[in-house]
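Working notes for the structure below.
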Amino acid sequence: MDYEPPFLDVYKPLLLQNSHGVGVNDGVSGIRNDKSEWCELPLIDLSRLSLDHIEREECMKEMSEAARTWGFFQVVNHGVSQELLQNLRHEQMEVFRNPFAEKSRENFLNLPPRSYRWGNPSATNLSQISWSEALHLFLPDIARIEDQHQSLRSSIEAFASAVAPLAESLLQILAQKLNMKFSYFQENCSANTCFLRLNRYPPCPLHSRVFGLLPHTDSSFLTILNQDQIGGLQLMKDGKWISVKPNPQALVVNIGDLFQAVSNDMYISAKHQVVGGEKEERFSVAYFYNPRKDAVIESEMMPAVYRKFSFGEYREQIEKDVKETGDKVGLSRFLL
């Protein structure tokens, strides 16, 4: 199909080097596709926040506990309509059906260069292969999408408008439970600093050997994810990879590196990955609540675990590490 990225062609040398068929890292990579071992994330019903004081406090406590122990939770009654999510999913499927030659053009959809990304053409071994494609969209760039794709632009704008206040509400609760000032986030974050990522995971004939999305942590304060019902998201819990069971009514929320840093490791940014499917394609969309580049990341709690750094410095260090080692080192670079 002319819309599929040339994964096999680009990865062929690496695949030939590993033609014995053993999985990445000889089976210790955590690529597991057994859906019988799906696990349900902690489920938070946000409608409880509008009930009496006791119910509200219990709901907030459960959210904070999930952020401390899982780094992940899911929310229902979140205020983002199913119709909106379905419209975005339809538009998302349509845009990825554009021919690969069109998608890989520098000005695809009139967006900035590298808004469309696929796989990892610079991979040097199987553990760096990513079998997916994505559109990265900083919120101010959404308005640049061409008029001929107006329905896509409208659906993305509607999603961003619905998820942004949800992210702020969740972050305010999590900050409050640690006696942190929410004004810090308000001063450093805005619609101009956050971004969306539309993901597609094509059917993968090598699904037991390569990742859909490599193991990583998010560099955000908070991430909100809407995924389809195919499954594939896995997270690290107690040293083991567990598969997240999809919930059609829920959005998935996870703590990012920056929130772990400012919370002094009270909240955890859990490592997660996506495994591919042999015959099914998977779609998801993620909203990343980020600060501006010059925002100072520093915990109010003492003794501090991490030294003070800016978000721009953090991003530069990540880019340097990925270029030199093929992997994101992350927060450990900033330990005191």
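The values are calculated or read from the model by the stated rules, or taken from the named source; none is laboratory data. Computed from a predicted model, the values in this text were never measured in an experiment. No Cβ is skipped: glycine too gets one built from the backbone with ideal geometry, and neighbour counts run over all protein chains shown.
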Enumeration of residues in the range 317-333 that are under 22 Å from the mean Cα position of the chain (by Cα) and either closer than 21 Å to residue 192 by Cβ or in a helix (DSSP H, G or I) (or both)
317, 318, 319, 320, 321, 322, 323, 325, 330, 331, 332, 333
Picked from the range 249-266 (must be in contact (Cβ under 8 Å) with a residue 60 or more places away in the chain, under 25 Å from residue 77 (Cβ atoms) and part of a loop (DSSP other than H, G, I, E, B)), the residue farthest from the chain's Cα centre (by Cα) is 249
In the range 202-242, which residues are on the phi > 0 side of the Ramachandran plot and free of Cβ contacts under 8 Å to residues at least 40 places away in the same chain?
238, 239
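Is it true that residue 314 is buried (at least 18 other Cβ atoms within 10 Å of the Cβ), touching a residue at least 40 places away in the same chain (Cβ under 8 Å) and not in a strand (DSSP E or B)? Reasoning before the result, please.
Details: buried (at least 18 other Cβ atoms within 10 Å of the Cβ): yes; touching a residue at least 40 places away in the same chain (Cβ under 8 Å): yes; not in a strand (DSSP E or B): yes.
Yes; evaluated as a whole, the condition is true for this residue.
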For the range 168-190, give me the residue count where each residue is in a loop (DSSP other than H, G, I, E, B) and not small (Gly, Ala, Ser).
6
So, of the residues in the range 12-64 that are more than 20 Å from the chain's Cα centre (by Cα), at pLDDT 80 or above and part of a loop (DSSP other than H, G, I, E, B), which turns out to be nearest to residue 169 (Cα to Cα)?
51
Could you check, for the range 67-75, whether at least one of its residues is part of a helix (DSSP H, G or I), exposed (fewer than 14 other Cβ atoms within 10 Å of the Cβ) and not aliphatic (A, V, I, L, M)?
no
When you look at residue 269, is it assigned to a loop (DSSP other than H, G, I, E, B), at pLDDT 95 or above, buried (at least 23 other Cβ atoms within 10 Å of the Cβ) and of a type outside the set (Phe, Trp, Tyr), yes or no?
yes
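Tell me yes or no: at least one residue of the range 172-190 is over 22 Å from residue 291 (Cα atoms) and touching a residue at least 24 places away in the same chain (Cβ under 8 Å).
no
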Starting from residues that are touching a helix residue (DSSP H, G or I) at 6+ places or on another chain (Cβ under 7 Å) and of a type in the set (A, V, I, L, M), keep the ones in the range 259-291 and report whichever is nearest to residue 310 (Cα to Cα).
261
Of the listed residues (115, 127, 154), the one being touching a residue at least 60 places away in the same chain (Cβ under 8 Å) and either within 16 Å of residue 92 (Cα to Cα) or not basic (Lys, Arg) (or both) is 127
Considering only residues that are among the hydroxyl-bearing types (Ser, Thr, Tyr) and buried (at least 21 other Cβ atoms within 10 Å of the Cβ), look in the range 116-133 and name the one that is nearest to residue 277 (Cα to Cα).
132
Counting just the residues of the range 40-71 that are among the basic types (Lys, Arg) and in contact with a helix residue (DSSP H, G or I) (Cβ under 9 Å, 6 or more places away or on another chain), which one comes out nearest to residue 261 (Cα to Cα)?
56
Before we move on, is residue 129 under 30 Å from residue 48 (Cα atoms) and out of contact with any His (no Cβ under 9 Å at 6 or more places or on another chain)?
no
